[in-house]
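Visitor: Before anything else, here's the structure in question.
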Amino acid sequence: MKSEQQSSAETGPVRDLSYELLGIQLENPFILAAGPSTDDIDMVRRAFMMGWAGAVLKTTSVEGTPVDLAYPMMSSFDHDGKLLFGMGNIDLISAHHIDRVESTVRTLRKEFPAKMIAASIMAGKKEDWQSLVARLEHAGADLIECSFSCPQGNIGEDPGRMLAQSVAATELTARWVKEAARRIPVSIKITPQVTDIVDVARAVQRSGADALTASNSVQALMGIDVYSFVPNPPLGGRSTYSGLTGPAIKPMTLRTIAEIARHVTIPVLGTGGASSWRDAVEFMSVGARCVQFCTLVMHHGFRVIDDLKSGLSNYMDDMGFSSPLDIVGKALPHLAVHDDLPRRRVRSMIDESRCIGCEVCYVACRDGGHGAIDRRESRIPVVNTERCVGCGLCPLVCPEACISLAGV
Ligand SMILES: Cc1cc2nc3c(=O)[nH]c(=O)nc-3n(C[C@H](O)[C@H](O)[C@H](O)COP(=O)(O)O)c2cc1C
């Protein structure tokens with residue numbers, strides 16, 4: 001069976017997907033997120049030639065910042081046979097010297113004038129943040145993205161705690177960066193792991209920063225070997241918390257972007273769990289103005305850009321949208337607080353002609369619902385409409401997708 005991305009890739013030419021964001025002309029909304037794929041100039045060159053609109057180079061810092069990588073750094077959260085449903089990494093920032101990153105920006109700027117080249121930075125002291133901005137702006141970066149959310153802790157400050165977990169530190173540091181950025185926009189990359197994401201987003205907006213990148217990987221413990229009790233990834237009998245990325249974190253990112261977009265006016269650059277053009281549309285529909293990808297590319301390579309572009313192009317044709325920006329915020333009016341949700345009578349309905357009699361729905365409803373599915377000798381279950389409240393569990397567990405909710 002063809003995947004959604006494959007089938008959409010095969011239909012018709014790609015339309016114009018260009019638009020402007022933060023004063024930068026983008027060919028399309030698809031950007032490489034800071035990570036291994038953007039830590040090498042030849043990899044970025046190849047990605048640009050294949051059609052990626054831009055790249056956020058892997059985070060760099062000042063010369064004095066030690067980068068002591070530990071290997072292996074990756075682990076997988078597989079689910080139901082799907083590899084890398086979530087990916088964990090204990091990577092740090094780029095091991096390259098800032099001189100090299102600066103020269104990468106300069107070279108890419110010359111070779112690819114139409115691409116968005118963003119430099120990602122991370123530091124401790126004010127003078128370090130500011131010197132990084134000045135150097136990378138001078139080298140020709142289009143955007144400075146500040147990592148306030150590295151899950152391996154913040155350089156020099158409070159190890160294990162992310163900068164974006166402090167509202168006051170976020171505002172202060174973003175002000176330093178903004179002070180030093182003379183012409184180019186600044187985006188602050190935040191973590192979803194805070195009590196109130198709106199407080200953090202408001203602090204970023206108050207600082208004068210131009211955008212928020214939402215959101216970084218989620219700090220997680222990837223799993224434990226139940227015989228040795230060593231967590232993943234194992235490094236000589238020890239391990240540490242990882243940054244979880246990939247499809248597993250998409251729902252958290254959607255909520256984070258939506259909350260930010262509902263409360264602040266500066267643009268959001270989406271990242272965190274997108275793995276198809278459809279995911280990108282979902283991110284944009286809750287407020288993202290572009291979408292960054294990392295795990296998808298690490299798994300399937302740069303060529304996924306073809307599927308992303310053609311899928312989005314077909315979708316925009318179907319929907320009658322003329323610019324990717326037409327999608328931005330479209331889902332937000334449909335978000336409400338629980339009290340304001342409509343109260344309607346809904347009931348499950350089983351399409352008997354497609355039911356295979358596996359009784360998964362019966363068991364789920366008996367032990368996790370309302371005991372509203374009755375067994376029959378034929379093994380084709382029947383909904384007890386008196387007991388069914390329309391909770392929505394049985395359609396989710398039916399392997400044949402033959403249960404629907406009536407009255408929804
Ligand atoms: C191995 C690895 C290294 C990463 N390094 C960085 C980094 O240096 N700076 C940064 O801001 N984000 C870094 N990230 C986070 C990604 O930029 C991205 O925000 C995150 O992976 C979520 O997106 P995804 O689900 O599309 O992968 C890294 C992610 C991975 C998987």
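Quick note: the coordinates plus some simple rules give every number you see, no bench work behind them. Bear in mind that the values here come from a model prediction, so they are computed numbers and not experimental data. We place every Cβ from the backbone using ideal geometry, glycine too, and count neighbours over all the protein chains shown.
Visitor: Using alpha-carbon positions, what is the distance between the centroids of segment 311-364 and segment 169-243, in Å?
Guide: Each part's Cα centre sits 31 Å from the other's.
Visitor: Quick one: 290, 402, fewest Cβ neighbours within 10 Å first, how do they rank?
Guide: Numbers: 290 29, 402 17.
With the sparsest Cβ surroundings first, the list reads 402, 290.
Visitor: Follow-up question, since we're still on this one. To test your reading of the geometry: what angle, between 0 and 90 degrees and rounded to tens, separates the Cα axis of helix 98-111 from the longest principal axis of the chain?
Guide: Between the helix axis and the principal axis of the chain, the angle is about 80 degrees.
Visitor: Could you list 337, 14 in order of exposure, starting from the residue whose Cβ has the fewest other Cβ atoms within 10 Å? Don't skip to the answer; put the middle values down first.
Guide: Numbers: 337 6, 14 16.
Ascending Cβ contact count within 10 Å gives the list 337, 14.
Visitor: Take the Cα coordinates of the chain, assign each an equal point scatterer, and use the Debye formula without solvent to give log10 I(q)/I(0) at q = 0.06, 0.10, 0.11 Å⁻¹.
Guide: -0.28, -0.74, -0.87
Visitor: Something else now. How do 176, 129 rank when sorted from fewest to most other Cβ atoms within 10 Å of their own Cβ?
Guide: 176, 129
Visitor: Would segment 342-406 count as rounded, prolate or oblate if I go by the C-alpha gyration tensor, calling it rounded below 1.5 in a/c and otherwise prolate when a/b exceeds b/c, oblate otherwise?
Guide: prolate
Visitor: With +1 assigned to the C-beta of every Lys and Arg and -1 to the C-beta of every Asp and Glu, and no other charges, what is the dipole magnitude of the chain about the Cα centre in debye, to the nearest 20?
Guide: My answer is approximately 420 debye.
Visitor: At a Förster radius of 51 Å, what calculated FRET efficiency corresponds to the Cβ-Cβ distance of residue 396 and residue 111, to the nearest 0.05?
Guide: For residue 396 and residue 111, the calculated efficiency is 0.55.
Visitor: In a Gaussian network model over the chain where Cα atoms closer than 10 Å are linked, find which of 303, 354, 255 has the largest mean-square fluctuation.
Guide: The residue that fluctuates most here is 354.
Visitor: Along the charge dipole of segment 4-334, Cβ charges K/R +1 and D/E -1, which of 144, 275, 286 sits furthest on the positive end?
Guide: Selected residue: 144.
Visitor: Right, here's the next one. What size of dipole, in debye to the nearest 20, comes out for segment 260-331 about its Cα centre when the only charges are +1 on Lys and Arg C-beta atoms and -1 on Asp and Glu C-beta atoms?
Guide: Charge dipole, segment 260-331, about its Cα centre: 240 debye, nearest 20.
Visitor: Looking at the square roots a ≥ b ≥ c of the eigenvalues of the Cα gyration tensor of segment 1-136, which shape do they give, rounded for a/c under 1.5, prolate if a/b is larger than b/c, or oblate?
Guide: Since a/c reaches 1.5 but b/c is at least a/b, the shape of segment 1-136 is classed as oblate.
Visitor: Could you check the spin-label model distance between residue 351 and residue 322? Points 7 Å from the Cα along Cα→Cβ, value in nm.
Guide: 3.9 nm
Visitor: Sticking with this one: Rounding to the nearest 10 and keeping the result within 0 to 90°, find how far the Cα-based axis of helix 167-180 lies from the longest principal axis of the chain.
Guide: So the inclination is approximately 40 degrees.
Visitor: Still on this model: Which of 197, 378, 235 sits closest to the plus end of the dipole of the chain, meaning its Cα is farthest towards the positive end, when Lys and Arg get +1 and Asp and Glu get -1 on the C-beta?
Guide: Toward the positive end, the furthest listed residue is 197.
Visitor: Please report, in whole Å³, the volume per residue of the convex hull around the C-alpha atoms of segment 310-375.
Guide: Measuring per residue, one finds 205 Å³ for the Cα hull of segment 310-375.
Visitor: Below 8 Å between Cα atoms, with a sequence gap of 6+, how large is the relative contact order for the chain in percent? Walk me through the numbers on the way to the answer.
Guide: On the way: 842 pairs, mean separation 60.9, N = 408.
Worked out over the chain, it gives 15 percent.
Visitor: Kindly state, to the nearest 0.05, the FRET efficiency for residue 343 paired with residue 79, given R0 = 25 Å and r defined as their beta-carbon distance.
Guide: Efficiency computed from Cβ-Cβ geometry: 0.15.
Visitor: Based on the mean of other Cβ atoms within 10 Å per residue, sort peptides 50-56, 79-85 so the most packed one is first.
Guide: Descending packing order for the listed peptides: 50-56, 79-85.
Visitor: Another question, then. Every cysteine in the chain with no other Cys Cβ under 4.7 Å from its Cβ, please list them in numeric order.
Guide: 146, 150, 290, 294, 355, 358, 365, 388, 391, 398, 402
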